[in-house]
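First up is the structure itself, then whatever we jot down about it.
The values are calculated or read from the model by the stated rules, or taken from the named source; none is laboratory data. Just so it is clear, the model here is predicted, and its values are computed rather than measured. Positions of Cβ are backbone-derived with ideal geometry, glycine not excepted, and every protein chain shown enters the neighbour counts. Ligands, DNA and RNA are stripped out before the accessible areas are found, and what is left, the full protein with its side chains, is counted by its heavy atoms. Shrake-Rupley method; radii C 1.70, N 1.55, O 1.52, S 1.80 Å.
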Amino acid sequence: MTVESTAARTPRRSAGSKAGATGTKRTTRTTAKDAGAKGTEPQLVQLLTPEGKRVKNAEYDKYVAGVTPEELRGLYRDMVLTRRFDAEATSLQRQGELGLWASLLGQEAAQIGSGRALRDDDYVFPTYREHGVAWCRGVDPTNLLGMFRGVNNGGWDPNGNNFQLYTIVIGSQTLHATGYAMGIAKDGADSAVIAYFGDGASSQGDVAESFTFSAVYNAPVVFFCQNNQWAISEPTERQSRVPIYQRAQGFGFPGVRVDGNDVLGCLAVTRWALERARSGEGPTLVEAFTYRMGAHTTSDDPTRYRGDEERQAWEAKDPILRLRRYLEASNHADEGFFAELEAESEALGKRVREAVRAMPDPDHFAIFENVYADGHALVDEERAQFAAYQASFADEGGN
């Protein structure tokens, strides 16, 4: 079965129907290599094919029915600028300006599509790769780089954009998201929470615990898994015997798999999941089936564990290229638009590079701030000891 024919079917979710609840016995497993070569995945929601053709879907079309040509161009702009920022950050790390960088190359549609589905009052809990979602939340790209340069522990006020600081500990942010969602539900708010994580994090106990608590308390949270098929060097089939979205049925809430390289599909499915959360229907697991075209981080060499054939197969499904094809075929964008965007992209890259190199050294005493809300005697003592230690170097210089 091709992707197109799969997408044309109404997707069967893992909960809410008899078929979804009982499931079917799997006789074979589709590996990442097979998926890249054949382009086949079970129950995949897709609204835009790699060739840029619009696919009708009876269940999810209504969630993107009002998207205008201007908004489509906006989605394309978001992805292009996010990729340009990401490329600049990778180059900066290679040149010694950043300590480490986790690229999102290939995952732009999953992040922009889901990010643009959010309302301002929704709250986001990211990992360390959600640069596109941060862009959608209005976080200045240069603020993402401070932690990776070692000049701060975050770089922005989480409550200023309802976007939490990047989380390095794998999977722990899903617990934070669940607790926050339980809180806003008790407050009677109609907003929702979204937690991002990867396929590797889905094996962490924190994620399973989050699923349990969110289901029991009917928390308004969307678990958005970007399955880029490689948890560093471990392929997904070594993480799970079933597609990740099917895990939701064991916890009693729906799961759905969407083409993670299809920005319209990601927008529609996330809107649907957020609508469920806001209306009191509880959590949803969205698996955005995508591909990490670069390294896990700049400390990783993906050529050691995957082949060029697999990568090239997924490059043909590039999320930016497919939306451009759709825009051109639909006469929604002309060469002038693409030329202006290219100039804007280059300007962004230059601004990011200049901003990183101009970042001041951190305040040595900043580590003692915001440890406790009302201060603490032990922290005060440690600050004084550290001040004396720093002063000792000045005394030595004077001698």
query: Is at least one residue of segment 190-208 more than 18 Å from the chain's Cα centre (by Cα), closer than 18 Å to Gln249 by Cβ and either surrounded by fewer than 20 Cβ atoms within 10 Å (Cβ to Cβ) or free of Cβ contacts under 8 Å to residues at least 24 places away in the same chain (or both)?
result: yes
Evaluation of Phe125 against (1) free of Cβ contacts under 8 Å to residues at least 60 places away in the same chain; (2) crowded, with 23+ Cβ neighbours inside 10 Å (one fails), failing number: (1)
statement: For Ala373, the lone unmet condition from (1) aliphatic (A, V, I, L, M); (2) open to solvent by 40 Å² or more (accessible area, probe 1.4 Å); (3) not in a loop (DSSP other than H, G, I, E, B) is (3)
- line: Listed by range, helices (runs of 4 or more DSSP H) wholly within segment 248-330 having at least 1 residues that are basic (Lys, Arg) and open to solvent by less than 10 Å² (accessible area, probe 1.4 Å) are 319-329
statement: Checked pairs for segment 214-239, first in contact (Cβ under 8 Å) with a residue 24 or more places away in the chain and under 23 Å from Leu44 (Cα atoms), second in a loop (DSSP other than H, G, I, E, B) and open to solvent by 10 Å² or more (accessible area, probe 1.4 Å), C-beta under 6 Å and 6 or more apart or across chains, list as Ala231/Gly200; Glu237/Arg29; Glu237/Thr31
- request: Only residues in segment 383-394 that are within 16 Å of Ala366 (Cα to Cα) count as the first member; pair them with residues that are assigned to a helix (DSSP H, G or I) and of a type in the set (A, V, I, L, M, F, W, C), Cβ under 6 angstrom, at least 6 apart or cross-chain, and list the lot.
  value: Arg383/Phe368
- request: Collect the residues in segment 336-354 that are more than 24 Å from the chain's Cα centre (by Cα) and either modelled with pLDDT under 95 or surrounded by 14 or more Cβ atoms within 10 Å (Cβ to Cβ) (or both), keeping them in residue-number order.
  value: Phe337, Phe338
